[in-house]
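Only one structure is covered here, and it is reproduced in the block below.
The values are calculated or read from the model by the stated rules, or taken from the named source; none is laboratory data. What you are looking at is a predicted structure, and each value in this text was computed from that prediction instead of being measured. Glycine gets a Cβ as well: all are built from the backbone with ideal geometry, and neighbour counts include every protein chain shown.
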Amino acid sequence: MSNVTPPMPTGLGSDLVKGYAVPSGAADELFDKSGQMRPVWTNFINHISSLSADQLGVRIAHGDQYLRDAGVYFRRYSGTSPDERDWPLSHIPVLLHDDDWQQITRGLIQRADLLEHVLTDIYGAQTLASTGQIPAELLAQNPEWLRPMVGIVPRSGYFLHHLAFEIGRNPDGSWFVLGDRTQAPSGAGFALENRRATSRVFSDYFTRTNVRRLAGFFRDFRDTLRAHAGSSSDAAILTPGPGTDTYFEHVYIARYLGLMLLEGEDLTVQNGQAMVRTVSGLRPINMLWRRLDAPFADPLELDEHSHIGTPGLVGALRAGNLSMINALGSGVMETRALMAFLPRIAKSVLNTPLILPNIATWWCGHAAERAYVKAQAGRLAFGSALSTGLPYDRDSGTSAANAAPPPGQDLAAWIDAQAGNLVAQQSVRLSTTPVYENGRLVPRPMTIRVFLARTDNGWQVMPGGYARIGKNRETTALGMQGGGSVADVWVVSDTPVPRETLSPAKGSYQRVPEGALPSRAADNLFWLGRYVERAEGTIRLLRAYHLRLAETDDPEDPSVAYLASYLLGWGVDPTQPIPEALTTEIGAATNCASKVRDRFSVDGWTALNDLTKSLGKLAVTVEPGDDCARAMGVLLRKLSGFSGLVQDNMYRSSGWHFLEFGRALERVSEMASALASFTDPDAPEGCLDVAIELGDSVITHQRRYLVDPNRQSVIDLLALDRCNPRAILFQIDTLHDLIPALPFGRPASQHAPLSEQIEQLQTKLGSITPDALSQAQLTDIGNAMAELSASLTTAYLN
Amino acid sequence: MQYDIKLVLENTYPDATGVARNLIHVMPLHKPGQQALLSGSITVSPRPDERRDSCDFFGNTVTEIAFRSPLAALSVTLSARVERFAVPEPQDAQSCLLEHLGPELKATQTVAPHSPQHFLSASPRVATSPAMTAFAFETTRPGMRTLEAVRAVGQRLHKEMRFDAGATDVDTPPETAFANRHGVCQDFSHVMIACLRGRGIPAGYVSGFLRTSPPKGRPRLEGADAMHAWVRAWCGTGLGWVEYDPTNDLFVAEDHIVVAYGRDYSEVAPLRGVLRTSGAQSSSHRVDVKPLA
């Protein structure tokens, strides 16, 4: 391959672009065909050339730090388990002039209308199939063409509301479409994060440029979603859950746009009306922005094996009570083979050719096309006809997306045998865009994902995009799994651009009432509170154990052995420096938190992740005894970091009440159990000190009682003291204070058992003396907490 | 011939915990020229909180029911009177040559419910497999009429597969039933569908009823004490669809009453549904199909 080295631009940072060699036969974003730098780039290149390598490095680090703080990462699948990697942002944005952009915009809006037309037909009159404009088998054999949706007219009047197109630039400089994303396109949220990070890297420059802003696009789309929902319903994002690669984006967009984030089990259908299960009972919902693949949405009428769907959801659509964005069944337009037919359909239904062509595609189900494909095979790439994967995409996980004959089989014979299962697409050389590598800019192939949203004013195109960049000069491997990177896209205007925000107008504000809390979210928050508290209890026990082990150096010492047997009773094996049980508890807390990431701060999530990481590191290094006791101290401080964030910073929403309820309930339960054992008159000497240590009350005890610990003083301080946050009665008071906030519109009968249970305990403990509180009564308090947990679950969390 | 049909499906869910929603496919079809539904009713006990009767994509009658509180037991009863008309046995000559089936299929450009296009590729529970496709090729030869091929595959399966009510369950994949050469009518049908599709012959699943007691002098058919299933295969534009019962090795006639057509069992299961249950469930089902004197 010969390279064309463009003439060195004069007066620019010649070091940066030195040796920038555009692969032959490809267009380049930075330089035009004649080797001149495209004017849209000159200011930007001038700017970065004015920076030293160190300065640029510092700025890039700022951008990366932003992404880490925001919790943006991707999962890399290699070997057995996926690992989380830093977000692979290429810090140099792709710059496009507004004039080019207008042409792209016109082409994509035309294409969006075409796709809508086709969907209306194939789920309605089906004339495209009966007139041979779409081969019947491409629908009839297509798992994304959903038979139950045939005949259902979308409530909103449209199938498509949020679309993405993957576009690329031809060697001749023109743009074309590589793929249509109609199912549940991802990337708009990541594009926004790329913008935030990139604008931090070039912060001073960015504010001075005419780069079109993204917020207006999201604002208009959010307003449209709210309008679909109507005044009586929330608007929500329907996600497959934390198991999905794009879950981060679902959380991010839900938070950014103020939408509820729901999973299939949050919903139920009654008489054709979709309802959200909330702590306040069932609430109707009329609008779902669907981010899960359609076949999983309803196990009753679609994929019977789906565990993440809602039975009856198709019925809600049929009844006309639910708008879904995009309509179930829209994903069929991602089918690769359909690209062979869209240009002709455009001519017949729009009476005009496509403004932006799509990648040349031949379906091998017809003899004439097969003959052409066989003759031209060397210039074509093959794929499965019904694949929804994008050409060049290595992230979609559709291994069938690219196909080749088995070794030894003749290509022509293979094409004949595969016939209608096969599509051929032109091999194209994608344009290259500059990437900053080792102090210089180098060209790398790229595609851009562009997002469209249907609003009251028709299709809006996000003025920017999500660029995906290849790892090396080969154009056959885009995507992060293959080591590729992503970049922001700047649409640059010649004139100043408006500074967009999400807010409707300056100066005014509108307070949105808190939406009803989904029961599943409440359940996860409740258990998050419990697991975090339980982990803290375990850590305190382990610290007490290892301190004594270090002091006595004797596992047979009575108090050491007593602690060990108590730990074993909780399923914690003290001979493991970091017992599995502790890892499990923190894992359970993190798991709960991962399902409600839209409900608390990024800092809180980061603190929990940090705890998990520390635990993993300590597990391989710590030794029993002092070392381990110190390690427990470290973990305790990290855990307090999380608890502190929750206590000090979390808005007192209904969700906070459940988290706090879980935390207080668990603390009562832990303390009651510990006191039952460690204040037992039969317990070995020193156990009263253990109890005080577990209650973090060593100094308080010294100051308040002026005696060495005895059973009465310890019970007084740790069970009956209304001022000690470690004491049982203090936490029962806390539970009692939480009760008035809990009903959330439920009838009193439903939460009455809860108040009664708490009040009984409060009365009892409020009047009892330390010597009268027996071990058996302490055990009963633990049992009462189990009953309380069950009552809460019955009342709100089912 | 007229029949009185009675079907009782009974399910118990000892540990049911949540709401239930089901689709019921038990009502015989009204098919001009083949069978007439004279009367029919479905009773559900306990009374569901929701009930909706409608038609699915393939034109089958479907009843959707839902319960809002946990359900310990569910019983569905069908009472129907059906007239089944005698149809002449399909003739080989009416069907196209096997080699012509592909082009005839290409010429059938429609996605209407009974288009053969729906029935050629994998469906939720029936995918082709190399073993079953090889079986279909061994059993047929070029130059055969499509109907001959259907009969040959069906007869050989009937001969090689053992009817065994205890060997499989409703979720047994066809490749397993085929490998072990045993099963019930659902398995016979799924296996035959996979074989025919592998040979390029569109094939679908038919659920229905069989008359319980045979006419005098004829043997009792397998599958008469429960809901039955058989296969339909597309034999070209001339002959169209034929229905063949691989469990009993015959083309269906007056003894078979059609309930529903689908690509496989999953689309026409008598009781399809989602129930949150933490424990075992049990089901029983009784059928009586009596000819009217």
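Quick look at the numbers
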{"item": "Filtered residues of segment B:18-43 (kept if of a type in the set (Val, Ile, Thr) and either within 14 Å of chain A (Cβ to nearest Cβ) or not in a strand (DSSP E or B) (or both))", "result": "B:Val19, B:Ile24, B:Val26"}
{"item": "Scan of segment A:209-234 for residues that are among the small types (Gly, Ala, Ser) and modelled with pLDDT of 90 or more, ordered by number", "result": "A:Ala215, A:Gly216, A:Ala227"}
{"item": "Pair list, Cβ under 6 Å, 6 or more apart: segment A:608-635 residue in the same structural domain as A:Thr590 (by TED's automatic domain parsing), other residue in a helix (DSSP H, G or I) and among the aromatic types (Phe, Trp, Tyr)", "result": "A:Leu608/A:Phe642"}
{"item": "Residue among A:Ala683, A:Ala691, A:Ala672, A:Ala676 that is among the hydrophobic types (A, V, I, L, M, F, W, C), outside any helix (DSSP H, G or I) and not assigned by TED's automatic domain parsing to the domain that holds A:Pro558", "result": "A:Ala683"}
{"item": "Residue list for segment A:146-167, filter: at positive phi and either touching a Phe, Trp or Tyr at 6+ places or on another chain (Cβ under 8 Å) or within 14 Å of another protein chain (Cβ to nearest Cβ) (or both)", "result": "A:Gly151"}
{"item": "B:Ala66, sole failed condition from (1) touching a Lys or Arg at 6+ places or on another chain (Cβ under 6 Å); (2) loosely packed, with under 15 Cβ neighbours inside 10 Å", "result": "(2)"}
{"item": "Segment B:214-250, residues that are among the aromatic types (Phe, Trp, Tyr) and either more than 14 Å from B:Ala152 (Cα to Cα) or modelled with pLDDT under 95 (or both)", "result": "B:Trp230, B:Trp234, B:Trp241"}
{"item": "Criterion (of a type in the set (D, E, K, R), surrounded by fewer than 22 Cβ atoms within 10 Å (Cβ to Cβ), touching a residue at least 24 places away in the same chain (Cβ under 8 Å) and more than 19 Å from A:Leu89 (Cβ to Cβ)) met by exactly one of A:Arg196, A:Arg155", "result": "A:Arg155"}
{"item": "Only one of A:Trp101, A:Trp87 that is closer than 30 Å to A:Phe31 by Cβ, in contact with a helix residue (DSSP H, G or I) (Cβ under 9 Å, 6 or more places away or on another chain) and away from every other protein chain (no Cβ under 14 Å)", "result": "A:Trp87"}
{"item": "Every pair of residues 6+ apart whose Cβ atoms lie under 6 Å, when the first sits in segment A:762-781 and is in the same structural domain as A:Asp680 (by TED's automatic domain parsing) and in contact (Cβ under 8 Å) with a residue 24 or more places away in the chain while the second is β-branched (Val, Ile, Thr) and in a helix (DSSP H, G or I)", "result": "A:Gln762/A:Ile732; A:Pro770/A:Ile715; A:Leu773/A:Ile715"}
{"item": "Candidate set: segment B:52-64, residues that are in a strand (DSSP E or B) and away from chain A (no Cβ under 11 Å); chosen: the one farthest from B:Tyr205 (Cα to Cα)", "result": "B:Asp53"}
{"item": "Meets criteria (buried (at least 24 other Cβ atoms within 10 Å of the Cβ) and on the phi > 0 side of the Ramachandran plot) for B:Gly183", "result": "yes"}
{"item": "Single residue of A:Pro443, A:Pro463, A:Pro434 found to be within 24 Å of A:Pro171 (Cα to Cα), at pLDDT 90 or above and not in a strand (DSSP E or B)", "result": "A:Pro463"}
{"item": "Options B:Ala149, B:Ala131: the member that is surrounded by fewer than 16 Cβ atoms within 10 Å (Cβ to Cβ), more than 14 Å from chain A (Cβ to nearest Cβ), touching a residue at least 40 places away in the same chain (Cβ under 8 Å) and not in a loop (DSSP other than H, G, I, E, B)", "result": "B:Ala131"}
{"item": "Search result, residues across segment B:69-111 that are among the β-branched types (Val, Ile, Thr), buried (at least 20 other Cβ atoms within 10 Å of the Cβ) and more than 14 Å from chain A (Cβ to nearest Cβ)", "result": "B:Val76, B:Val82"}
{"item": "Strands (runs of 3 or more DSSP E) lying entirely in segment B:186-293 (those with 1 or more residues that are over 18 Å from the mean Cα position of the chain (by Cα) and either of a type outside the set (Lys, Arg) or within 14 Å of another protein chain (Cβ to nearest Cβ) (or both))", "result": "B:271-277, B:282-291"}
{"item": "Among residues of segment B:129-160, those that are modelled with pLDDT under 95 and closer than 27 Å to B:Ala269 by Cα, counted", "result": "0"}
